[in-house]
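A short worksheet on the structure shown next.
Read-outs: derived from the displayed coordinates by stated rules, not from any lab. Computed from a predicted structure; not experimentally measured. FYI the Cβ positions are ideal-geometry reconstructions off the backbone, even for glycines, and counts take in every protein chain you see.
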Amino acid sequence: MRYSREHKQETHDRIVKKASVRLREKGAHGIGVADLMKEAGLTHGGFYAHFDSREALVIEAFGYAMDRSMEHWRKLTDEVSPDKRLAMIADAYLSTLHRDNPGHGCSIPALGAEIARESPKARKAFAGKLDEMIEQLADNIPNVPRKSARKQAVATLATMAGTMLLARIAGSSELSDEVLKVGRDSALESSKREPKAAAVKKTKT
């Protein structure tokens, strides 16, 4: 049976969406193509009608997951005053809800270490989405020169992702809760910090 282009695209999107969840839950190599296709209600043989390789699926699923994270941030900050947006993102990111649901959370703590060992093509795709995420965070830092906002965004994202990774390693425990609290306090403090004035070079007269 020949399916329409729309049906094929819907099937493709369903595979990507399912993969984005399973990869974040189980890791880049934690689930095979056959199992993934079965969960999507499809046969193993149909995989290559949609993707050239497993790597192609990983790259697309990762991009989908990162896009969903950024979409979530936009929704969080839609009706929040500019000076409170970064704090809103950090508070939601460093929550027990996010810690306990990696399949629907940020891909950086869930897959970052594994992607760093993947092919140059996969790492390049990851880096591109990472840069988009940094730029979006910088957009939520008002009244600061763009270069300073980007530096603060990099520091905040590094704090958030690193904190989430450590909290998940510790599991649902007092230590995990402590890691989340300290990381959240650090990220929120950073979001309130006033930028340092640029140093003025003295010239000889």
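Key figures
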item: Equivalent-ellipsoid semi-axes of segment 110-154, from the Cα gyration tensor, Å, largest first; result: 26, 9, 7
item: Segment 116-179: relative contact order as a whole-number percent, Cα under 8 Å and 6+ apart; result: 19 percent
item: Residue-span extension gain [LYS124 to LYS17] - 0.36 nm each, minus C-alpha spacing; result: 36.4 nm
item: Sorted by Cβ density within 10 Å, fewest first, the residues HIS7, HIS44; result: HIS7, HIS44
item: Förster radius 25 Å - calculated FRET efficiency between GLU132 and ARG5 (Cβ-Cβ, nearest 0.05); result: 0.30
item: Normalised contact order of segment 28-170, rounded percent, pairs of Cα under 8 Å and 6 or more residues apart; result: 26 percent
item: Span-like helix ranges in the chain, DSSP H, alpha carbon extent 24 angstrom or more, Kyte mean at least -0.5; result: 54-77, 146-170
item: Rounded, prolate or oblate (a/c below 1.5 giving rounded, otherwise prolate when a/b exceeds b/c) for the chain by Cα gyration tensor; result: prolate
item: FRET efficiency for ARG74 and HIS44, using Cβ-Cβ distance with R0 set to 41 Å, rounded to 0.05; result: 0.65
item: Cβ-defined net charge surrounding ILE31, 12 Å radius [Lys, Arg +1; Asp, Glu -1]; result: +3
